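> Got a structure here, written out as structure tokens. Questions coming.
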Amino acid sequence: MSDTPKKGWFQRLSAGLSRSSKQMTEQVVASFVKEPLSEEALEQLEEHLIESDLGPAASARIVERFRALRFGKGQDEREIKEALAEAVAAELTPRQGTFDPLSGPKPYVVLFVGVNGSGKTTTLGKIAADLTARGAKVMIVAGDTFRAAAREQLKVWADRSGAHFESRRDGADAAGLAFDAYTKARAESYDVVLIDTAGRLQNKSTLMDELLKIVRVLKKVDAEAPHETLLVLDATVGRNALEQEKIFGRTAYVSGVVMTKLDGTARGGVLVPVARASDAPIKLIGVGEGIDDLQPFDARAFSRSLVGLED
């Protein structure tokens, strides 16, 4: 994605995280504004952070940062929020990554993994639209051959963005499609190949076998492919996103995480334990359905929005 967020992005991010920020900060701020720092207040802080889906480990570290600050009586609300934002940013900054498919080998192959309904197909479509707008020659591959709706949705994005579209009939071999599409992309000098995959968790072993087969056939064309594997997670599912990261992250060679549906969710805090647990960095976040609503992850901006501070 473009490294320069569109005007209004931070406002949209703040609006999207408003429920999370309200839930997280109201009680926290009230506790510290009313009285000097105490063990009781710190215990309450830890409880509030855990309830906001930050997870017990990150919550404990944030509390330790607050303990070191030694707030006195009468701290104002902004000071508390600034301190909380800095503590959350300290958790996330080491987990901030970059996504730049135009800087690597051509064609640059990006594999999208994640459960059905996570926003995977829409994320792929938005990336395709961004890349073609920047002059790239893009191929979209409908590798979820089990869901006609997914293929239809991708075809709409391909038509809208001007990307080339490759698909096959229901139930076709996804790995065979990926192999043929990548071979064609190399022969016809495409810049980027974006491959969607199925996300049925009903049978995890079958799903992972299929993903690994796709990876194997791509490596027959180029040992370095896929050059990026993005795991798309839905923020609205809260702690279930952490479980999904475990399922995909340890098997599918994930190189980056995308967190979607941060618009209007009270679960924005879950990005913190996901970021800390994942071997792969957070690369993109989404706050809406528009093309511009998917942007590079900025740990500082996210942290400030999460606690209700304007950037």
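The values are calculated or read from the model by the stated rules, or taken from the named source; none is laboratory data. Model, not experiment: these values are computed from the prediction. For neighbour counting, all protein chains shown are included, and Cβ atoms are generated from backbone atoms with ideal geometry for every residue, glycine included. Keep in mind that these areas ignore ligands, DNA and RNA; they rest on the heavy atoms of the full protein, side chains included. Shrake-Rupley method; radii C 1.70, N 1.55, O 1.52, S 1.80 Å.
> Checking the structure you have, find out if any residue of the range 179-188 is crowded, with 23+ Cβ neighbours inside 10 Å, touching a residue at least 60 places away in the same chain (Cβ under 8 Å), under 18 Å from GLY104 (Cβ atoms) and not acidic (Asp, Glu).
So far as the range 179-188 goes, yes, one or more of its residues are crowded, with 23+ Cβ neighbours inside 10 Å, touching a residue at least 60 places away in the same chain (Cβ under 8 Å), under 18 Å from GLY104 (Cβ atoms) and not acidic (Asp, Glu).
> Under 7 Å by Cβ, and 6 or more places apart or on different chains, what pairs join a residue from the range 141-152 that is free of Cβ contacts under 8 Å to residues at least 24 places away in the same chain and at negative phi with one that is open to solvent by 30 Å² or more (accessible area, probe 1.4 Å) and not in a helix (DSSP H, G or I)?
Every condition considered, the pairs that remain are ALA148/ASP170; ARG151/SER167.
> When ARG276 is evaluated against the numbered criteria (1) open to solvent by 20 Å² or more (accessible area, probe 1.4 Å); (2) in contact with a Gly (Cβ under 7 Å, 6 or more places away or on another chain), which criterion, by number, is the only one it fails?
So the condition that ARG276 fails would be (2).
> Given the criterion part of a helix (DSSP H, G or I), surrounded by fewer than 16 Cβ atoms within 10 Å (Cβ to Cβ) and not acidic (Asp, Glu), identify the matching residue among ARG169, ARG160, ARG151.
ARG160
> Just wondering, is there one or more residues in the range 194-201 that are touching a residue at least 12 places away in the same chain (Cβ under 8 Å) and open to solvent by 30 Å² or more (accessible area, probe 1.4 Å)?
There is at least one residue in the range 194-201 that is touching a residue at least 12 places away in the same chain (Cβ under 8 Å) and open to solvent by 30 Å² or more (accessible area, probe 1.4 Å).
> Taking the options ARG19, ARG12, name whichever one is at pLDDT 75 or above and open to solvent by 40 Å² or more (accessible area, probe 1.4 Å).
That would be ARG12, the only listed residue that is at pLDDT 75 or above and open to solvent by 40 Å² or more (accessible area, probe 1.4 Å).
> Please report, ordered by residue number, the helices (runs of 4 or more DSSP H) entirely within the range 237-311 with at least 3 residues that are hydrophobic (A, V, I, L, M, F, W, C) and touching a residue at least 60 places away in the same chain (Cβ under 8 Å).
271-277, 299-306
> Please give the number of the condition SER31 fails out of (1) modelled with pLDDT of 80 or more; (2) over 30 Å from SER189 (Cβ atoms).
(1)
> A follow-up question, please. Kindly provide the set of residues from the range 174-217 that are acidic (Asp, Glu) and assigned to a loop (DSSP other than H, G, I, E, B), ordered by number.
Hits for the range 174-217 are GLU188, ASP191, ASP196.
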